[in-house]
Structure formats: C-alpha cells, structure tokens
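The values are calculated or read from the model by the stated rules, or taken from the named source; none is laboratory data. On a predicted model such as this, the values are computed, not experimentally measured, just so you know. All Cβ positions, glycine included, derive from the backbone under ideal geometry; neighbour counts span all protein chains shown. With ligands, DNA and RNA removed, areas are computed over all heavy atoms of the protein, side chains included. Shrake-Rupley method; radii C 1.70, N 1.55, O 1.52, S 1.80 Å.
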Amino acid sequence: MSLSRLQNFRLLLAFTATLMLYGCSSEESTSTADTGFAGLGQEADGFQYAKPNQLLTFPTDHAAHPDYRIEWWYLTANLEDASGEPLGLQWTLFRQALMPPSERPAPTPWAADQLWMAHMAISQGEQHEVAERFGRSHSQADLSVHQDSQAGIISSPFHAWLDDWQLKASGEAGSDAFSPLTLTAYSGEDESRFGYSLTLTAQGPLVLHGQQGFSQKAANGQGSMYYSQPFWQIDGNVTLNGETKAVNGRGWLDREWSSQLLDARQSGWDWLSLHFNDGHKLMAFQLRGGGDNTDQEQGADYRSGTWITPQGEPTPLANTDFIMTPLATSAVAGRDIPTRWRLEVPSASVDINVEAPYANRWMTTSVPYWEGEVEISDRASGEPLGEGYLEMTGY
Amino acid sequence: MIKALPTVLATLLAHYRRHPGQLAMLLLGLWVASALWSGIQAINATARDSYARADAMFDTQLDQLERRDGAPLTRADYHALRQAGLPVSPMLEGEVVTQDGTRLTLIGIDPLTLANNNPLAQADSSGSLTDFMTAPWQTRAAPDALTATTTLANGKALPPLVLAPAIPPDTLIMDIAAAARLLQSGEEITRLVAAPGALAEAPAGFTLTRATRIATPGQLTESFHLNLTALGLLAWVVGLFIVQAALGLALEQRLGMLRTLRVLGVSGRSLVLALSVELLLLGLIGAAAGIASGVWLARLLLPDVAATLGSLYGAGVGRELNLPWHYWVGGLAVSLGGLLLAGGGVLWRAARLNTLELGQMQAWRSGYRRQLMLMSIGGAFVAGVALALYGWLRFQPPGDGLVAGFALVAALLLASALWLPPLLALVLKVLTHLARRRPLVHWALADMQLQLPKISLAMMALLIALATNLGVGSMVGGFRLTFLEWLDQRLVAPLYLNAPAEQYTDIDAWLADHPDVSERLLTRRSEAILESIITPKGSRALGTPIELYGITPGESLTPHWPLLATQQDRDTAWADFSHGAAFVNEQLATAENLSPGDQLNLRAPGVSETLTIAATYPDYGNPSGQVLMASPQLAARFNAPPSSMGVVLHLNADVDALREALTERFGLGSDALSDQREIKRIATEIFERTFTITRALNVLTLAVAALALLASLLAQARSRRQQLAPLWALGVPRAQLAQLSLVQLGGAALVTGLLALPLGIAITWSLVAIINVAAFGWRLPLHLFPWEMAVTLATAVAVALLSAALPALRFWRASPRTLLAEEANQ
Amino acid sequence: MLELQQVHKTYTTPQGPLKVLDDVSLRLAPGQSLALMGESGSGKSTLLHLAAGLDLPDQGSITLAGQNVSTLAESDRAKLRREKLGLVFQQFHLVPSLTVIDNLRLQARLANRDDTDWTAYLIARLGLEGLEKRYPEQLSGGQQQRLAIGRALAPRPPLLLADEPTGNLDETTAGEVLELLLSLVRETQCALLVVTHSPQVAAPLDRCLRLRHGQLINTEL
C-alpha cells in the first residue's frame, strides 16, 4: 500500500506543480528521470529522516509527524452488499509538509506549513466513483478546537479529518484505542451522490513492516516508517448513485511517513495488500528501478513485503523472497496497465494469480493512478483464495 | 494598360502637388474620422477586456454566501461550513495603497478549496502551489496592475510579483495567508464563495447569492458603451463629410485632366483603378494617422472613463490600453470602409465620365438642382423611417428599444442633414427674391446659392454636431437639475452613520435619549428573489434578484421623498407603506412593467412574502431593481440587517459635537459618520464625472464640424477670390466684400443653428424618454434650456465666422495687385 | 475726363523690378474715344487698371472725372468706379450667381442709378430680350460680352474702360460686339478707352496710341 500512497504523494507534488501550470500535462510532470516520480526522490534537507531502530509508540504515532515531509492514512476495503455483490472502496488522507520545520511561518491566520489531500473511491462492477479534496493547516494550530483547522489528526481519541471527511474513534472519549473507528466521507449531490458511513473494528493487532516499522525502499537504504492494521472488520452503509445500501467486509489501513521515499532512479511501483481466506495477509510491493547500488540509469527493481499470519505475526520478505510477474495488461485511460499478475512467495508456498476483475479503476485525481480490487486464486488449481487491493503507479 | 497605371497615378497625384490644401483636407477628414472612432473603440476594447477578466474571475462565476445577521464572516464560519460538508472557499478582499499612491484591490484566495476549474488556477503564469502558499508568497497581477514599487504606503512589502495577464486590472491576487497579513484582517474574511450550483441552498444563518444573479459589469455597462459607440459613429460620419467634400472637389477640379487622359487613350477601367489605388493610398495614410491619434486620445480619456465606470457600476477598467489584434484590423477596416463610402460616388462619376462633355456650369447647375431634389426625397424617406421607429417604440413597453432609440436619433439626424441643403437653398431663393432692391445683399444671397453645393456637406456636419451638442447638453443639464433636487429630497438628515451592524441597537438607544436628536432614520438592506408579480392582467413568474431597502417613514422623510406614481395619493401611499406595503424604484417598475396596485411575491431564504406596490419612486444612478419597505417591516419580515442611519437634529443643534460624542462613545472609525454636504459633494462629483466623456466627445465633434467648414472654405478660397475680384473692380470696397463673406456664412450657419434647435430638442427627448429609460431604467423630465439654445445658435454663428474669418481676412488683406493678377489670369 | 501725367509703375517680380509704365502721359476728353495698342506685356492692361483706380501709380498723377485718383482712399476710389466708370473685360466677368437681368442692373444698382426704362432699352439694344432670366453660363460668348457691356453702361458712366473686349470672341461676333459698343458709347456720350492689340478694334476710334515697353511711342495725334 505504501508505495501506492507514495504515488499519490507524487500526485500531490505534481498537483503542486501543475495546478497553476496549465498546459503542462501530468505525464510530463510525472516522468522525471533523475528525481524519481513527482520529485519524491529529491533530497529533503531539513526534514527528519526515517531510520531503522526508531521505536514506534502508540497512540502518539497515529497522529501526524509534521517534521517528516510526507505521511498518509490509507484505507482500502473489500466489501459486499446485502445481495452479495462485491464492492471496493478507498479512503486516503495525505499530508505533506510545505517546508522543513526550521522554516515554518508564524501561525498567523491562514498561514500553513501543512498541505492535505484526501482521495475517496467506491467501486462496484463497472462503476468507479472518485473524489478528491485539499486543505491546509498549521502544525501549531490548536487541534482541541478542531474548527480552528481545516484538516488535522488527533491521536487520542483518534480523529483524522479534512473538512467533513472524517475517520475517528467511536469508543468512549479519552480512550487510546485505535478501534473501533468510524469513517464518513461523501461527495456529489442528489443522484450523483456517493460516499460511505462505516464502522471499522480491528480483529487483530497492528503490524509493523520491515525492521520494527522501518521499511526500506531502495538498495541505498532510504525508506519510511510503515505499519498497518490489516484486520479490519467493516460494517456500515455505502451510498452510490444516490442510493444507500448496507455493506460489510474486510479492510486494510496503512500508516506511513517519510522524508525521502524513492531512489532517484525509481519510476513507479506495483503494490499489493491481500486477504487470504485462511486468515493470512500479504503485503508486497516492487519499485521499478533502484533495486541495486549500481550507477545504472534504471537499476533493477526493488521488492519488499510482509507475510502476516492470522494472529498478526509478520515475516518480512526481502528482494529475493518473492517474484511478481505481469501476465496480462488492459488498456486503461490510454495506457497498458498489468491487471493480471503471478505472485510467487516460495517460503510461504504461495504461487497465485492476482487478477483485477474490472480494469477501469483509474483514479482521475489531480495526478492519476490505478487502484482497485483484486481476486486471488491458486495458480495450479484455480481455486479462489481470497481478495485484496492492487495499486500501480508510473504507467 | 496596367503598365500605364503608374503614369496615370502619378498624373492624378500631381494635382495634389498643386493643391496641397485639398490633400490636407482629405487626410484631415480621414484622420479625424478614424481618430475619434478608433479612440472610442480602443476605450471600449480595453473596457471589454477588463470586464472579461473580471467576469472570468470571482464575482460572476461563483455563488456567494453572507451572514444573515450582517456580521463579518470569520475563519470559524468557514471551517464550520467545510466540516458540514459544504464546498465553500474563503476570500479576503481589501484595498492597498502603494508608495506611489496607486490604489489596488487585493484579493486573498485559498487555491486549495477554490473551485478548481476557476480561471484563477489558469490566471497563473509560473511557479508552483508551494511558492504561492508559502513565504515569501507571491503577488499575481496583470501587467497593467504592476507598479514600480512593491512597497505599500504603510511600509509593508508586497510579496514578489508574478505576471498573470488574465487577472483583472488593478487587482492583486495572493494566498489568503499573505493577504491576511497585509490587510491585518485577523480572523475575518470578506466572503465565502462556492462553485455555481455547488450549494443546493443557503445554510442556516447565511444568505446565498447565485453567480447567475450577479449582473456582470459587461451587462451593466453595455448601454454606456453603446453611448460611446454612437458618439464615435457620429464623429466618424462627420469626418466622412469632410472626406466626401475633399474628394468631390478634387474630382471636380480634375475632370479636365481625366477627360484628357481618356482622350489620350487611358481606358475608363484603368482610370477607375488608378483612382481606387489613390483612394487606398490616401486611406492607408489617413487611417494609420487616425488610429495612432485614436490610441493617443483613448489613453487621454481612459482614466476618466475608468473612473466613471468605477463610480457608476463598480466596474473595474484598466487605465492602460489593452488592445487585441482585431482592434487594429477593425480600425483600419472602418477607416477604409468609410473612405470607400465617401469615395464611391467619385469613382462612379469617374467611371461614367463622358469624354466629349465639357465641364459646363450649366450641367453642374441642373445637376445640383437634381441633387437637392434627391436630398429632399432621401430626407423625407429617412424622416419616414424615424416616424416609423417612433410609432413602433410607442407600442413597446418602456425600457425596451435601446437600439431602436439610437436608430431613431440617427434617422432624425440624417433626415435633418439631408433636408438642410434644400432648406438653405429655399431660404436663399426667397430672400434673394425679397432683396431685389438691395444690390449687394441681392448679390450676396445669389452668390450664396452658388456656394451652397460646396459648403452644404460641411453645414450638414455642423448641423449634426450642433444638434447632438444641444441634445446631449440639455439631457445632462436636465439630469443635473433632477438629480440635485432628488439628492436634496432623499438626504434629509444632516448626519449619516455607517456602523457595524451589531452596534445599531446600542447607538439607536443612545440617540433616542439624546436631547439634540429629533429623529433616527434607520435603513436596512437585504436581498430577495422576485419570484412573481400579480397584476390585474394576471400573474407572471420572474425569478429576478432585487435589492430590499428599508427606510424610516417619519415626518422628516415622507414629505420630501420623491414619488413618481401612487395608487391614490401621497398620504395614502405613505400610510400603506408604514403598514407593510412596498414602493418599487423606477428601474424595477420599468423593467418589469409594474405599477402601483400590483403585487410582488418575494422569496429570501426561509422567507416568502407578498407585498402590494403602493408607489414608484425615482432612484437615479442605481443599476439594479429595488423594493423599498419601512425599516421595521423589512426587519420583521425579511430579517434584514441595519445598513445605515440618518440622524435628524433639532434646529440649532451642534452637529459636530454630536459627531464627536458618537465617535467617542461607540469607538467608531473615522469614516463611520458622514455629513450631508459630504455625501452630496461625492454624489455630485460622480455625476460630473459621468458626463465628462460625453461632453468631451461632443466638443470634439463640434470641433470636427468646424474643421470641415473651414476646410471647405479654404478649398474654395481661390475661386471665391476670383469671383469677388470683378465685383471689387466694379467698385465694391474690399472691406465690404470681406464683411459680406462673413455675413453670408454667418447667415447660413444661423439657419443651420435654427434648424438644430428643434432637432436638438428632439434628440434630448429621445435621450430622456427612450434611450435613458432603456439604458438606465429611469426617465427624466424633459428640461429645455433657452440659454443652451442661445449658446447653440451663437456656437453655430461663431463656428461659421471663425471658419470664414481666415479666407475673409486673406481677401481683405490681399493687395490689389494679387486680386488683379487673379482677375487677369482668369 | 481722364488725364495721366508722367505716370510710372514698376512691379516687383521674382526676377527683379519690372518697369511696366515709364513716364506715360495722356488725356481723354469727355465723349472722346481712344484706342491703346501694344504687344502682350507692353503695359497696356496696367495702364487701364491704373486708370480705373484698381491700382496706384508709383509716380505721376491720374485724374478721373476731375478727381486725383492717386490721393483718394480706397473706398473713395471704389465709389468713383461705381459711379463714374464702366468696365468691360476680355473674360466678361459676369457674376455667375445672378441672372442676365440682375447682372445687367448690378452696377447701376450699386451706383444707385437703376433706371428701368434704360435697362429695358439696353436689353433690347443688346439683343438679350427673352434671356433675362437665364444665367450667364447659359449664354453664348457674344451674348455674354454684350451683357458685360450693358452692365458697364447701365449706370450711364461718363467713362467706359474696355480691356480687349473682343479678345475672346470669333471674328464675326467681335465685329458685331464692337459695333454695338461704339454705337452705345456714342448714344450715351460716354468717353471710351479701349485696350487692344487688334487694329480692327482701334480703327473706328477717335484716336489711337501705341505702347511699347511701358512708353507711349507716338504721342497725341
């Protein structure tokens, strides 16, 4: 998930560059050879850096880390409605620091050092609805009066919001618990209204990726702080085409922050979060390029992942621990997007097909990318094994 | 034959070497015609560009929210609305003054929440969102708003400038954080906006104004520009009169040459071709000069125009010309088109030239009689058109027919102009007959008949200029009288108070106890949608936005407040008014064809009311429709916030003392209190400015007509002297002959001036009764000013005498030898 | 009637001073007729203009009807021309804006000596009956010059000055016009000075003088 978030961050950065630079297509701004996707590979002096052996503390780390350049709260969910029709949804809140901590402006009215972007999507069948919001805040704003800030995160009781899009703890006030949470986000009017009002209940523990939450993103050692809650049981209502229906299913929340995520040579990524029917979870991504320490222009791909038992025990997967192979592509938004993959994790005896039942999951946000539900099946027998989400950027 | 063209052309042009005066006159005409026209078009084009930029920006493309209680909007309001899911965006607006004294509108925006297809996003040039949103921020401005200094009068510095041509004139755009610092606005914001239609309805506690309801400056100022265009067209026509006169003269004098050329074997087509090339050549020179001076003229007038539009309509117009490419092409096309129009007759005559026919006075004399006949018939036809237009307008609802109104004025002018030469000829004929016993007078009159063809075009131009001058002058004069009287009637309190809405209750209570205060005239303001109207003929659905204005109908106001029409009488109207009936302003009554007794269905958020119209009232200078109610009624029924308060004092009360006491007691700003004199002064100033341009253009047109006359006279000065010389030889002293020349022309001008009087009155009438009603929505009483008329006559004669003075002086000062030589050379 | 004594006239031209009349003296008694002949540029037109008071001599005196023209103010000279002089030009110089009859009566009216009977008689004598309402340009050349003669004689001036009166006419017409001129002059007992280069014109007159390079070369006969 994190890489796809990265891509979204690039979206954000590209948005930064393109909002006011009309006539400059997003393709141009995303195809950067030496600063990585949307500038995410830039050096980021003045910011704090993600390093191994930084211990995560909760609930504090649920909140924002404004000294880091980028951060997100990223939820995907595989649900079904009362009639058993599958339905996917996404809700993401991105944060970007506009400047290093040392250059922050005084907190006068409207002055901002944090830029926020939120994406929501609902997918069912051929339908795929997308909405996007932006906001600003100052990291020194008093969040206890949350009308003082358009967007913000409070760690306890947990509350993340941008306007009326909100993810917040629904337990008793003062509780440190990260569960249960309620998520509300709506967009559009009347017939075109869509959105959701959901309750998220954790069925397992938080999972730290990489080395105790430090997730390396390139061979040169750079990376991010990365943990997930992959065990959400979700119930609630989804509104689509102005009609509301009850839904339930599984969700996966990613939390990641960093100041420099990509090697300058990396051009995009493919990222997977999978729920196996037997209770296992799998997170796997590959960054295309930057997979070695050579000075080659492109470099090899860099792969990383986590195999999670039904009890939440993580096993980090290194570059050589799994193979992702694209099997078939679909034409989406004028590009060829791999919508069928083969994923092999020999150590976990996994050899599966990962396939998107619907190819049109293109996110028509300020910087576009592909994000949608996938189904997994045993490669040998074809037996359905579960479901999940796939994100692909840089195509 | 084409090979011969240069030779033919050179031969034709040689004429101008011998008669540089004719060339000068021709170019003068072209120059003047295209200068005034292109000057006005330059102003219009610049204004249109400004409107387009303003339209494309915020006001007219975004719905707006205001607080129902009139209190300023705050950041908390914004966040609360966002957290309620409403897609609103904050804006800060204020004025900053740079060190060099330039006043600029500063707009602070939040690019993140502003509807993202808003042109602001495109109004940009370079730089990233981060640069826009973070220190040192950016100032975006169009090139015409860029000032030399980025330091403000208060010592603060603007963020670095970034060029963004699409931003309206005199406007700076920056991030709301930077704007808040410069404007020291704290938690307050000026407005909340949303993409059109994004809000289904106004949230509780707010009023919502739809983008489509906000009239664009382009619409409001349309009539103003039509006015300017009409004046430009007038100047163009007057200029073409000169061109036509010069071309006619040049052709007449070259008839012999043309015949010789034909005899020498130049084909008629080549001749016409050569003449066309000559016309084109002259046209290009004249048009180029004209457009250049037009741009200069526009640059000169633009600040006044901009000030007028700003004060009349609140429309911002750049003070720097901004001319699109089609302006230049259009200017050239109009100039050349005019030349073709004026020169078409010449070409036609040249094409039909009879090789054998000799240039005979006789043919010419009968030709002129035929021309007079044609003019009379043409004049009658155009007068018929005018009559038809008038008839048609009578059956139109008032307020319609702006273009028809202008067409009526044009037809009147044209008909009168066409009739002028036949009229002058007739007058001369009658007078000649009467003056048989006075040989010199007789001669002078007869001679005038002979001169008539040469000066009639100039006289026509003079007539048009005079009549327009009188018409516009009377309209402006009448407007001034009416407007000043109306101001007096409306401004009954010596002191007016403009305080924050929440303070009025306290101030009102305090004033109520003040011994010097006799009455408090609280006004309230709000807006509503006029859903439908119910008249005796049935009801009509409308959906027009209107202003609601509340006044206090007390004893100081009601006796003076002007009313135009009431259902029964004034007293009843005011009694009904106090009990909830409404008055509507003339603009609204005209636009929607309302009269007292009709009913209005008004809707405001959460309110739906039906009001009966008790009266209509004049509301000069207001571009929108207004419904007037008693303040308490407006407060009770529409929840309208207070907007100002007139304070009426007892006789001999100390205004200044009260003023000071109020300021001190309530901590009011320096501009919260204004006295009546001040308001009147400002209003009068705006009024004067409104007509500065009109008057300037009028004077210019008159000057052009005078030039036309002078040019015609100069062009025939030589042949005039040749005609006068034998008379002198017969024993008429030179001085007497010179005087006679003056009297001749003065007399013709006097007749022209006399004709201009009724014509001018007709134009005044058209302006006040048709054009103003259609353009502004109010009708002025028709005022006639004998003094203006006397001035018109005097102007006519003065213009003629001035024009005739130079040739007459030259004749009078000519040595006998010169006269003799001319006489002998003949 | 007309007396020139030692008249000198020099014009300033771009080529330098040009002596036009050099010590010219002549006399013309009432009722007498005199032809003044000479080549083009001999100064004969200038002499005529000086005689008419249209221009002033540099030296010498000109006496017209008992008044010294050189000492008169311009307005008095104009008055003198109105009342004492008839002028006939080679180019007719009719007033194009006036009808035949108004042209004929113009000078008489100016001189305040309009006489309807005399005018009617003149019209008849000039052969212009039926043409009174026409305009000059509607007449033939001969008719125009006859009209010009009529205009000059209408106020019954004591002196008629004619400058090449037949110069613009064909031979036959010229003869007729000359004959008419002389007979009318005789009838009115008007003195006549004709400037011409045509011997045919000069022949019937009482006297003839010749001018060459500004000097009279044969003195009074």
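State yes or no: is B:L158 closer than 21 Å to B:S128 by Cβ and touching a residue at least 60 places away in the same chain (Cβ under 8 Å)?
yes
Do any residues in region B:554-577 that are free of Cβ contacts under 8 Å to residues at least 60 places away in the same chain have Cβ atoms under 6 Å from those of residues that are assigned to a strand (DSSP E or B) and small (G, A, S), where the two are at least six apart or on different chains, and which pairs are they?
Sorted first by the residue in region B:554-577, then by its partner, the pairs are B:L563/B:A615; B:T566/B:A615; B:Q567/B:A614; B:A573/B:A614; B:A573/B:A615; B:D576/B:A614; B:F577/B:A614; B:F577/B:A630.
Sort through B:S532, B:S526, B:S474, B:S539 and tell me the only one that's assigned to a helix (DSSP H, G or I) and at negative phi.
Criteria check complete, one pass: B:S474.
Conditions: (1) more than 14 Å from every other protein chain (Cβ to nearest Cβ); (2) within 19 Å of B:M459 (Cα to Cα); (3) crowded, with 21+ Cβ neighbours inside 10 Å. B:V427 meets all but one. Number of the miss?
(3)
Are any residues in region B:536-548 open to solvent by 30 Å² or more (accessible area, probe 1.4 Å) and within 30 Å of B:A202 (Cα to Cα), and if so, which ones?
Hits for region B:536-548 are B:S539, B:R540, B:A541, B:L542, B:T544, B:P545, B:E547.
Among the residues of region A:318-337, what is the count of those that are in a strand (DSSP E or B), open to solvent by less than 60 Å² (accessible area, probe 1.4 Å) and farther than 16 Å from A:I376 by Cβ?
Qualifying residue count for the region: 4.
I'd like the residue in region B:413-424 that is open to solvent by less than 40 Å² (accessible area, probe 1.4 Å) and in contact (Cβ under 8 Å) with a residue 60 or more places away in the chain and, out of all such residues, is farthest from the other protein chains (Cβ to nearest Cβ).
B:L413
How many of the residues making up region A:124-143 are surrounded by fewer than 23 Cβ atoms within 10 Å (Cβ to Cβ) and under 30 Å from A:Y358 (Cα atoms)?
10
Go over the candidates B:L713, B:L750, B:L740 one by one and state the one that is within 27 Å of B:H442 (Cβ to Cβ), within 14 Å of chain C (Cβ to nearest Cβ) and either within 29 Å of the chain's Cα centre (by Cα) or not small (G, A, S) (or both).
When all the criteria are applied, what remains is B:L740.
From C:Q145, C:Q107, grab the single residue that is over 21 Å from B:L450 (Cα atoms), among the polar types (S, T, N, Q) and surrounded by 20 or more Cβ atoms within 10 Å (Cβ to Cβ).
Criteria check complete, one pass: C:Q145.
Name the single residue, out of those in region C:61-94 being of a type in the set (V, I, T) and open to solvent by 10 Å² or more (accessible area, probe 1.4 Å), that is farthest from the other protein chains (Cβ to nearest Cβ).
In this case the residue turns out to be C:T63.
Does region C:169-177 include one or more residues that are in contact (Cβ under 8 Å) with a residue 40 or more places away in the chain and within 18 Å of C:V195 (Cα to Cα)?
no
Show the residue pairs that are 6+ apart or on different chains and have beta-carbon atoms under 7 Å apart, the first residue being within region A:49-72 and closer than 19 Å to A:P157 by Cβ, the second being surrounded by 15 or more Cβ atoms within 10 Å (Cβ to Cβ) and among the polar types (S, T, N, Q).
Once the first residue is closer than 19 Å to A:P157 by Cβ and sits in region A:49-72, its partners that are surrounded by 15 or more Cβ atoms within 10 Å (Cβ to Cβ) and among the polar types (S, T, N, Q) give A:P59/A:S155; A:P59/A:S156; A:T60/A:S155; A:H62/A:S155; A:A63/A:S155.
Restricting attention to region B:433-456, which residues are more than 9 Å from every other protein chain (Cβ to nearest Cβ) and either open to solvent by 20 Å² or more (accessible area, probe 1.4 Å) or closer than 13 Å to B:Y368 by Cα (or both)?
Scanning region B:433-456 gives B:H433, B:L434, B:V441, B:L452, B:P453, B:K454, B:I455, B:S456.
If you take the residues in region C:123-135 that are in contact with a helix residue (DSSP H, G or I) (Cβ under 6 Å, 6 or more places away or on another chain) and either closer than 16 Å to B:L730 by Cβ or within 14 Å of chain B (Cβ to nearest Cβ) (or both), which one is most open to solvent (accessible area, probe 1.4 Å)?
By that ranking, first place goes to C:R134.
What residue, among those in region B:715-735 that are of a type in the set (G, A, S), modelled with pLDDT under 75 and surrounded by fewer than 23 Cβ atoms within 10 Å (Cβ to Cβ), is farthest from C:L160 (Cα to Cα)?
Filtering region B:715-735 for residues that are of a type in the set (G, A, S), modelled with pLDDT under 75 and surrounded by fewer than 23 Cβ atoms within 10 Å (Cβ to Cβ), the one farthest from C:L160 (Cα to Cα) comes out as B:A717.
I'd like to verify a number: residues in region A:338-395 that are part of a loop (DSSP other than H, G, I, E, B) and over 20 Å from the mean Cα position of the chain (by Cα), how many?
7
Got at least one residue in region A:206-220 being within 29 Å of A:T239 (Cβ to Cβ) and away from chain B (no Cβ under 13 Å)?
Among the residues of region A:206-220, not one is within 29 Å of A:T239 (Cβ to Cβ) and away from chain B (no Cβ under 13 Å), which makes the answer no.
Given the options B:A164, B:A135, B:A198, name the one that is on the phi < 0 side of the Ramachandran plot, surrounded by 22 or more Cβ atoms within 10 Å (Cβ to Cβ) and within 13 Å of chain A (Cβ to nearest Cβ).
From the options B:A164, B:A135, B:A198, the qualifying one is B:A164.
Tally the residues that are of a type in the set (A, V, I, L, M, F, W, C) and open to solvent by less than 10 Å² (accessible area, probe 1.4 Å), restricting the search to region A:86-109.
6
Restricting attention to region A:66-85, which residues are in contact with a Lys or Arg (Cβ under 8 Å, 6 or more places away or on another chain) and open to solvent by 20 Å² or more (accessible area, probe 1.4 Å)?
A:P66, A:A82, listed by residue number.
I need the full set of residues from region A:215-259 which are open to solvent by 20 Å² or more (accessible area, probe 1.4 Å), outside any strand (DSSP E or B) and not aliphatic (A, V, I, L, M), in order please.
Once the filter is applied, which keeps residues that are open to solvent by 20 Å² or more (accessible area, probe 1.4 Å), outside any strand (DSSP E or B) and not aliphatic (A, V, I, L, M), region A:215-259 yields A:N220, A:G221, A:Q222, A:N241, A:G242.
May I ask you to say which residue of B:Q626, B:Q599, B:Q568 is open to solvent by less than 40 Å² (accessible area, probe 1.4 Å), farther than 23 Å from B:V517 by Cα and within 39 Å of the chain's Cα centre (by Cα)?
B:Q626
Can you give me the number of residues within region A:144-170 that are surrounded by fewer than 19 Cβ atoms within 10 Å (Cβ to Cβ) and in contact with a Gly (Cβ under 6 Å, 6 or more places away or on another chain)?
1
Report yes if some residue within region C:18-38 is within 9 Å of chain B (Cβ to nearest Cβ) and either more than 30 Å from B:L737 (Cα to Cα) or in contact with a helix residue (DSSP H, G or I) (Cβ under 6 Å, 6 or more places away or on another chain) (or both); otherwise report no.
No.
Would you confirm whether or not region C:148-156 contains a residue that is within 22 Å of B:V732 (Cβ to Cβ), surrounded by fewer than 21 Cβ atoms within 10 Å (Cβ to Cβ) and more than 12 Å from every other protein chain (Cβ to nearest Cβ)?
Yes - at least one qualifying residue is present in region C:148-156.
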